[in-house]
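*Asks:* This structure is in structure tokens; I'll ask about it shortly.
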Amino acid sequence: MTTHERVVLDVEGLRMRYGTTEVLKDVNLRVHHGEVVCLLGPNGAGKTTTLEILEGFRMRSAGRVEVLGTDPAHGGDDWRARVGVVLQSWRDHGRWRVRELLAHLGIYYAEYSTAQIRRPWDPDELLAAVGLTAQADKKVRMLSGGQRRRLDVAVGIVGRPELLFLDEPTAGLDPVARREFHDLVERLADEQDTTIVLTTHDLHEAQKLTNRIMILSGGRIIADGTAEELAERIVGEDEVRWSHDGQSYVRSVPESTKFAFELFRKHGESITDLEIRKTTLEDTYLSLVRQSTGEQETVPEDAAGAASADSEGGTVR
């Protein structure tokens, strides 16, 4: 069995109800060893609830869930030692010094070190890995926001987990701290052989960090694939804009480069203001979420007065 064939996380028919409100209606997903997967969705979609169930922190209403071959609702200490968790926020132990905290936590993981459960990090190696060597003797409450988030990751991976959950990992970080955090996550995936599942509503983050994106909306996984696969599956066409003889045109076409070449071949230098807009993850995401929630697609204001198609098949504006 190759690395990516081994199933790390397997969910079928997951449901979660709070009173009469059904937050998760029928979630199905599967993650293989070595993947970095993003659970993407709008606020309130149930991303955090899903992760809490997978982590064993919340009991589900129905469905089958296996994480590292175990139902997380019944996972023991040896199972928990194989799973790392980074919550949205974590503010305990403010009086601890950074290195002391990591050394203390490492003691617990050492008790479960087996052939299956890897030995915990050496504190100094872990500090170097997350870029906190210079802050080793600082108290936790004295760290900056970005440094604090790095420590959150250090706490989550101190036991060298096989599977790491990151819930909204860069929420509240400034652009520099966010970029540094992205670099850290990429190193963990590449160098530590760690399967990572993260939640976010940041489209750029999802596209930058992950191998695969699952969009959660309306209580279900409504799409699953790479950013490129999702864009091709839902939209599949690029938008081409150009001007000719004082008129502006726009058209959606599957092969924008070929279409632009034909325009120039036919009209030469009389073609001006040519612009090709490629389908983006944002286009796909918004389209899918609208479909899942029953929202109607809005018509852009500049399309309200569109006239008939010209000889090239574009819309005159």
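No value in this document is a laboratory result; all are computed from the given coordinates. Computed from a prediction, not measured in an experiment: that's the story for all the values here. FYI the Cβ positions are ideal-geometry reconstructions off the backbone, even for glycines, and counts take in every protein chain you see.
*Asks:* If you restrict to DSSP beta bridges whose two residues both lie in the stretch 3-225, what percentage is antiparallel, to the nearest 5?
*Replies:* Beta bridges within the stretch 3-225, antiparallel portion: roughly 55 percent.
*Asks:* Calculate the FRET efficiency for E12 and S248 from the Cβ-Cβ distance with a Förster distance of 51 Å, rounded to the nearest 0.05.
*Replies:* On the way: r = 51 Å, r/R0 = 0.99.
Calculated value: 0.50.
*Asks:* If you don't mind, there's one more thing I want to ask. Which of the three applies to the stretch 1-74, rounded, prolate or oblate, going by the alpha-carbon gyration tensor with a ≥ b ≥ c and a/c under 1.5 meaning rounded? Intermediate results must be reported in sequence, preceding the final value.
*Replies:* Numbers: a/c = 2.36, a/b = 1.62, b/c = 1.45.
Judged from the Cα gyration tensor, the stretch 1-74 comes out prolate (a/c at least 1.5, a/b above b/c).
*Asks:* Okay, next question. Just how large is the dipole of the stretch 3-225 about the Cα centre, in debye to the nearest 20, putting +1 at every Lys and Arg Cβ and -1 at every Asp and Glu Cβ?
*Replies:* Roughly 620 debye, rounded to the nearest 20.
*Asks:* If the stretch 94-194 were replaced by its equivalent ellipsoid, with semi-axes equal to the square roots of 5 times the Cα gyration tensor eigenvalues, what would those be, largest first, whole Å?
*Replies:* 21, 17, 11
*Asks:* Going out from 0 in 10 Å bins, what whole percent of all Cα-Cα distances in the stretch 3-225 drops into each bin?
*Replies:* Per 10 Å bin, starting at 0, the Cα pair percentages come out as 8, 34, 37, 19, 3, 0.
*Asks:* Cut-off is 10 Å between beta-carbons; in what order do I276, I196 appear when sorted fewest neighbours first?
*Replies:* Going from sparsest to densest Cβ surroundings: I276, I196.
*Asks:* Continuing with the same structure: Semi-axes of the equivalent ellipsoid for the stretch 31-160, please: Cα gyration tensor eigenvalues, times 5, square-rooted, ordered largest first, whole Å.
*Replies:* 27, 19, 13
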